[in-house]
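To keep things clear, I will list the structure first and then write my remarks on it.
The values are calculated or read from the model by the stated rules, or taken from the named source; none is laboratory data. On a predicted model such as this, the values are computed, not experimentally measured, just so you know. Ideal geometry is used to build each Cβ from the backbone, glycine not excepted, and the neighbour counts take in all protein chains shown. Surface areas here come from the heavy atoms of the whole protein model, side chains and all, with no ligands, DNA or RNA. Shrake-Rupley method; radii C 1.70, N 1.55, O 1.52, S 1.80 Å.
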Amino acid sequence: MVRYRKLGYVELNVTDLEKSVAFYRDTVGLEPAGKGPEGEQRFRCSEDPFAVALHQAPKPGFKRGGWMLEDASQFPVLHKRLEAAGVPYETFSATECEKRGFASGTRIMEPNTGAVMEFYLLPANVAPRAFAPTVAKIQRLGHVVWATPHKVEAVAFFRDVLNFAESDSIGENTTFFRAFPNPYHHGIGVAKGAQQRFNHLNFMVTEIDDVGRALARLKANNVPIVFGPGRHPASTSVFIYFLDPDGLTLEYSFGMEEFPEINPREARRLEPMPQNVDAWGSYRDPRFGATGEIEAHTIARATQ
């Protein structure tokens, strides 16, 4: 089975790079980490070289995301599973690794959400560097959620091919997975939707006060708050959702259930009712998750 460390990075498309850079730095509280090889602006929120990258594009949305594998032995396991499922993949060339700062990597277009997923390792000589919080004590990049009309197939793919562990579902609407054996309740979510779409990106914060301070800061800067503050019964997280300058949905959350690797509890199916989405009963604005194209990518070959 494939073993992961974590969700390592998410790259987003934005329509006004300069404006978005200021927002993600000054309002979200990410640390600038220089330019990437495609001119994207990178940001840190943990000990890794980068966790978020912003690309100038005609339409806002999800470009790609990266999941760090446990070690190099996971690549053959991953490739074998992809081949058995008939899913094309491409491996990072030495040139791409050098330009982007990776030791190795594999890329797929997940067939049901259309999302480009990358599986990677950092070079052994990359030393962790502490992240210095500013307006929010961000702990780590938390999770990414997509919507798709092919939710049933997507759930099966993440579970049976990629070996993501199901934590909970809310009816037929949303299923939450953790990148096994990462303990956090979810690193991805798959929601049922009329079309393939980016839903939201989450940042986990260190203190519940970060959520309260965010509420005040977002209101002071006229940033739309589209859900919360509230508490998700499935993960136990306290949350607040808000929009970036393009209308992409972002989330701060505090606290999350953690699963042991051995003998974790069974995944639950919660009834699809408002109190199972937010125990505090806050209002979800219709703009929540409404903006966000998923950029397509053609995989050129099945193997390399």
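The single condition from (1) among the hydrophobic types (A, V, I, L, M, F, W, C); (2) within 27 Å of Leu248 (Cα to Cα); (3) open to solvent by 10 Å² or more (accessible area, probe 1.4 Å) that Ala179 fails is (3).
In the stretch 46-65, the residues that are over 21 Å from Ala127 (Cβ atoms) and at pLDDT 95 or above form Cβ pairs under 7 Å with partners that are of a type in the set (S, T, N, Q) and not in a loop (DSSP other than H, G, I, E, B), at six or more places apart or across chains, as follows: Leu54/Ser20; Leu54/Gln41; His55/Asn13; Ala57/Asn13; Lys59/Asn13; Pro60/Asn13; Gly61/Asn13; Lys63/Asn13. How about the stretch 24-82: which of its residues are in contact with a helix residue (DSSP H, G or I) (Cβ under 9 Å, 6 or more places away or on another chain), open to solvent by 40 Å² or more (accessible area, probe 1.4 Å) and of a type in the set (S, T, N, Q)? Of everything in the stretch 24-82, those that are in contact with a helix residue (DSSP H, G or I) (Cβ under 9 Å, 6 or more places away or on another chain), open to solvent by 40 Å² or more (accessible area, probe 1.4 Å) and of a type in the set (S, T, N, Q) turn out to be Gln41, Gln56. So, of the residues in the stretch 102-120 that are closer than 24 Å to Ser169 by Cα and part of a strand (DSSP E or B), which turns out to be most open to solvent (accessible area, probe 1.4 Å)? Top of the filtered list is Met109.
Need a quick list: strands (runs of 3 or more DSSP E) entirely within the stretch 215-276 having at least 1 residues that are open to solvent by 50 Å² or more (accessible area, probe 1.4 Å) and under 26 Å from Cys45 (Cα atoms).
Numbers: elements: 225-231, 238-243, 249-254, 268-270.
Output list reads 225-231, 249-254.
Applying the condition of being outside any loop (DSSP other than H, G, I, E, B) and in contact with a Cys (Cβ under 9 Å, 6 or more places away or on another chain) to the stretch 121-147 and asking which residue is nearest to Leu7 (Cα to Cα) yields Leu141.
Between Leu141, Leu162, the distinction of being at pLDDT 95 or above, among the aliphatic types (A, V, I, L, M), under 15 Å from the mean Cα position of the chain (by Cα) and buried (at least 19 other Cβ atoms within 10 Å of the Cβ) belongs to Leu141 only.
Can you pull out every residue in the stretch 245-284 that is among the acidic types (Asp, Glu) and farther than 23 Å from Asp209 by Cβ? Break it down into steps so the answer makes sense when it comes.
Residues of the stretch 245-284 among the acidic types (Asp, Glu): 246, 251, 257-258, 261, 266, 271, 278.
Scanning the stretch 245-284 gives Asp246, Glu261, Glu266, Glu271.
Say whether the condition of being crowded, with 24+ Cβ neighbours inside 10 Å and either at pLDDT below 95 or closer than 26 Å to Pro264 by Cα (or both) is met by at least one residue in the stretch 191-200. Checked against the condition, which is being crowded, with 24+ Cβ neighbours inside 10 Å and either at pLDDT below 95 or closer than 26 Å to Pro264 by Cα (or both), the stretch 191-200 yields no hits at all. Within the stretch 3-23, does at least one residue satisfy the condition of being surrounded by fewer than 21 Cβ atoms within 10 Å (Cβ to Cβ) and without any contact (Cβ under 8 Å) to a residue 12 or more places away in the chain? Yes: the stretch 3-23 contains one or more residues that are surrounded by fewer than 21 Cβ atoms within 10 Å (Cβ to Cβ) and without any contact (Cβ under 8 Å) to a residue 12 or more places away in the chain.
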